[in-house]
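Inspection log for the structure reproduced underneath, given as structure tokens.
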Amino acid sequence: MIKMMDFHQFLSLGLILFIYVSLELKIGFSTKYTIFFSSSVLFPIIFHRFLCRIFQKEMRAIFRTRMPSTTQRKTAAIVVIGDEILKGTTRDTNSHFLCKRLHKLGVNIKKISVVGDDISEISREVHTASGAYDYVITSGGVGPTHDDKTYLGLAHAFTDQLHFSNEIREAVDRFLPSYIDKKKAEGVGEGIEEVVRMVTEKLCTIPKMSQLLWGTQKVDGRISTFPVVRVANVVALPGVPKFCERAFDELQDQLFPVEERQSMYFDTIYTDLDEFDFSKRLTDLATRFEERSVQIGSYPELKNKWGHLWRGFQNKFFFFRFFKTKLTIESESSESMKDVLAALRELLIGHVVYYDTHAWTDTVTKWKSFKTRKTAENHLEFVRKLEEAEKIVEEIVEKYPLEQIALSFNGGKDCTVLLHLLRLKVDEKYGPSTPIQGFHIMVEDQFPEATQFIIDAAKFYNIQVLEFPGPLKTGLAALKKQRPSIIPVLMGSRATDPNGKYMKTPVEWTDSDWPKVLRVCPILNWTYTDVWHMLRGLCIPYCKLYDQGYTSLGGRDNTVKHPALRIVSSDGKEHYLPAYKLHDDAEERCNRSNL
Ligand SMILES: Cc1cc2nc3c(=O)[nH]c(=O)nc-3n(C[C@H](O)[C@H](O)[C@H](O)COP(=O)(O)OP(=O)(O)OC[C@H]3O[C@@H](n4cnc5c(N)ncnc54)[C@H](O)[C@@H]3O)c2cc1C
Ligand SMILES: NC(=O)C1=CN([C@@H]2O[C@H](COP(=O)(O)OP(=O)(O)OC[C@H]3O[C@@H](n4cnc5c(N)ncnc54)[C@H](O)[C@@H]3O)[C@@H](O)[C@H]2O)C=CC1
Ligand SMILES: [Co+2]
Ligand SMILES: [K+]
Ligand SMILES: [Mg+2]
């Protein structure tokens with residue numbers, strides 16, 4: 001290349017010299033004109049490469065000082081194709097999925113666009129995106145019906161012809177016979193041959209220059225059953241979300257080889273401040289760190305309904321769900337990440353709050369830092385209670401094999417604390433993928449929200465919840481019958497519970513007229529406030545009825561929202577504060593008519 005440039009330079013210099021000499025010789029007008037014309041044409045041609053290089057170098061230099069890393073990072077555009085998206089009949093989820101995945105792979109997504117099933121729209125969008133970004137991923141329009149036109153659009157974008165792909169035909173031939181048989185068996189086999197011919201024709205007609213991508217199936221590592229078409233840097237994924245996601249999963253390593261991936265550092269800080277409170281200072285900080293290729297995003301939490309609802313009320317009613325603003329940080333290096341985090345914490349001093357969307361994962365580390373945090377905040381009595389409960393659960397997990405331990409789980413806040421403690425101790429001893437067992441005795445006309453919470457919690461916490469009809473004694477007998485090996489049963493009973501007073505110590509055998517299990521109540525000496533302190537402090541998910549003003553859950557017929565949490569806004573509307581806002585422990589059950 002260097003040699004080429006020297007050669008170009010040499011020629012150009014020669015040409016300039018020639019023009020100069022010609023002009024000096026005062027030759028005739030027409031000759032001068034010819035020379036002027038030819039040089040003005042030749043000059044750019046000869047210098048083209050040279051100028052381009054200089055220009056590119058300049059541009060690169062400019063970009064390097066402004067955003068050094070983004071130019072190295074691979075870029076991508078997503079083109080969502082389908083009339084149904086534009087008409088609003090289908091909500092696009094594929095671009096969201098693709099963004100999440102590409103971002104994780106370190107690809108810089110520059111654009112998402114949506115076009116209808118229209119050849120020229122598809123062609124124009126794909127053509128532009130293909131020139132501007134490293135990868136283009138399209139979704140939709142590759143089906144067998146007349147309205148799927150992605151391949152036509154691709155052919156048009158790359159001025160290519162269409163052809164019939166025998167390779168796709170083989171794939172189609174592999175799944176069509178069973179489809180035909182099924183249809184015939186259903187008695188709708190008439191005219192099926194014609195349908196099959198058309199479907200095959202449509203699915204197999206692709207741009208000539210297409211490359212067929214065969215992915216690797218996740219389950220068994222075998223080759224995928226259907227190929228994905230790629231034309232130049234454009235990959236055409238199907239629109240059906242299940243197929244789109246599967247195709248991407250199967251092709252991910254091929255399209256973005258592990259060794260070429262650029263790792264990226266991510267972190268998040270949550271604060272109880274409004275964006276306005278720090279936007280000026282944040283802008284300065286962000287500008288300073290931009291040079292070190294750090295990107296900071298600021299996102300206000302708009303689900304923060306209560307905060308808005310009670311603005312204007314006395315201060316004690318002014319609160320928010322967990323945080324007001326979320327700051328995301330992305331950095332190319334761990335050093336700059338460390339520095340920016342320190343700078344942000346300094347900027348938000350006293351207003352950084354803990355928030356966690358997945359409290360049930362990585363429980364051991366989070367538990368340790370929770371205790372450290374609470375100790376630093378001087379909640380020493382609370383930390384002592386945490387450790388006492390932890391120790392009781394630990395002793396049970398140490399002493400009994402897992403198949404003998406069960407959690408007595410009705411979806412209430414107290415046993416939710418126990419669920420978390422059991423997960424913690426099982427994670428510590430056996431690892432996070434180990435399932436735990438629990439049971440629920442259906443005693444009352446339960447709130448559907450409570451039932452839903454049991455289902456959700458079971459999924460998050462990997463607990464299998466067996467269900468038995470009540471009352472409690474009968475249900476417990478049924479449990480013992482189905483699982484005779486069960487000995488210790490973890491319960492959320494507390495001394496202030498209506499029946500808790502019958503438990504003298506946290507670990508006791510059931511009374512003689514009850515089915516025999518070892519009742520283990522690690523939070524027997526906790527208060528109502530302690531329970532909320534733990535649930536809120538670790539962001540443990542709990543039944544959402546508690547956020548609607550219920551402080552204790554019974555049946556639908558005997559539980560109402562707590563009167564002490566009721567407030568009436570200036571427009572006369574009635575609202576209830578969430579349960580954790582109640583601070584008087586003795587009042588916990590004022591909302592239960594049966595107690
Ligand atoms: C395993 C077990 C053993 C028991 N043994 C005795 C006994 O020996 N003598 C006696 O007099 N009473 C016994 N009981 C009844 C107990 O004393 C309470 O009456 C009962 O737990 C209701 O508790 P609560 O309303 O006080 O508080 P809650 O907070 O409603 O319950 C305390 C805890 O009990 C468990 N629990 C409550 N209801 C259910 C349910 N429907 N399904 C699953 N778990 C539930 C949960 O872990 C919950 O955190 C037992 C109950 C259970 C679940
Ligand atoms: N590798 C693979 O798995 C491939 C499968 N196919 C086959 O083609 C058939 C249909 O092709 P498609 O391109 O999917 O047809 P399509 O574009 O008509 O989409 C089918 C449906 O998917 C949904 N959809 C489309 N775009 C969406 C988006 N952005 N977000 C959410 N939903 C969206 C819509 O409900 C739409 O009706 C599939 O059934 C599949 O069998 C075709 C090519 C590759
Ligand atoms: Co309770
Ligand atoms: K379609
Ligand atoms: Mg379509």
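All of the numbers you see were taken from the coordinates with simple rules; none came from a lab. What you see is a predicted model, and the numbers here were worked out from it, not measured in a lab. Glycine gets a Cβ as well: all are built from the backbone with ideal geometry, and neighbour counts include every protein chain shown.
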15 Å reach of a label modelled at Ser298, 7 Å along Cα-to-Cβ, counting backbone N of the range 345-366: 345-349, 351-352
Proximal lysines relative to Lys371, as straight alpha-carbon distance under 18 Å, when same-chain residues fewer than 8 apart are discounted: Lys385, Lys391, Lys425
Distance (nanometres) between label positions extended 7 Å along Cα→Cβ at Ser570 and Arg197: 7.6
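So how strong a dipole does the range 363-587 carry about its Cα centre when Lys and Arg Cβ are +1 and Asp and Glu Cβ are -1, to the nearest 20 debye?
Its charge dipole is roughly 420 debye.
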Summed side-chain charge close to Glu245 - residues other than Glu245 whose Cβ falls under 11 Å, Lys, Arg +1, Asp, Glu -1: +3
Peptides ranked, highest mean first, by Cβ atoms within 10 Å: ranges 564-576, 405-417, 468-480: 405-417, 468-480, 564-576
Of Lys366/Lys473; Lys324/Lys374; Lys87/Lys208; Lys110/Lys202; Lys87/Lys183, those spanning more than 25 Å from alpha-carbon to alpha-carbon: Lys366/Lys473; Lys87/Lys208; Lys110/Lys202; Lys87/Lys183
Separation of the Thr529 and Glu190 label points, Cα + 7 Å toward Cβ, nm: 7.9
Segments 483-489, 123-129 sorted - mean Cβ within 10 Å per residue, highest first: 123-129, 483-489
The range 337-398: GluC sites (Glu not before Pro) in DSSP loop, at most 15 other beta carbons within 10 Å: Glu377
Local electrostatic count, Lys74, Cβ distance below 11 Å [Lys/Arg +1, Asp/Glu -1]: +1
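Subtracting the Cα-Cα distance from 0.36 nm times the residue separation, let me have the gained length for Thr357 to Arg536 in nm, one decimal.
63.3 nm
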Net length gained if the chain between Phe175 and Asp249 were fully extended (0.36 nm per residue, minus Cα distance): 24.6 nm
Estimated FRET transfer efficiency (Ile119, Ser333; beta-carbon r; R0 41 Å; 0.05): 0.35
Ranked by how many other beta carbons lie within 10 Å on average, peptides 552-560, 285-293 from highest: 552-560, 285-293
Under 18 Å from the Cα of Lys111 - lysines, other chains or at least 8 residues apart: Lys74, Lys100
Label-point separation in nm, Ser512 to Thr375, each point 7 Å along Cα→Cβ: 4.6
Spin-label proximity, Lys544 to the range 384-420 - amide N less than 17 Å from point 7 Å beyond Cα toward beta carbon: 411-413
Segment Glu167-Glu260, length gained on full extension (0.36 nm per residue, minus Cα span): 30.6 nm
Positive-end extreme of charge dipole, the range 394-524 - chosen from Trp514, Ile436, Gln452 (charges on Cβ): Trp514
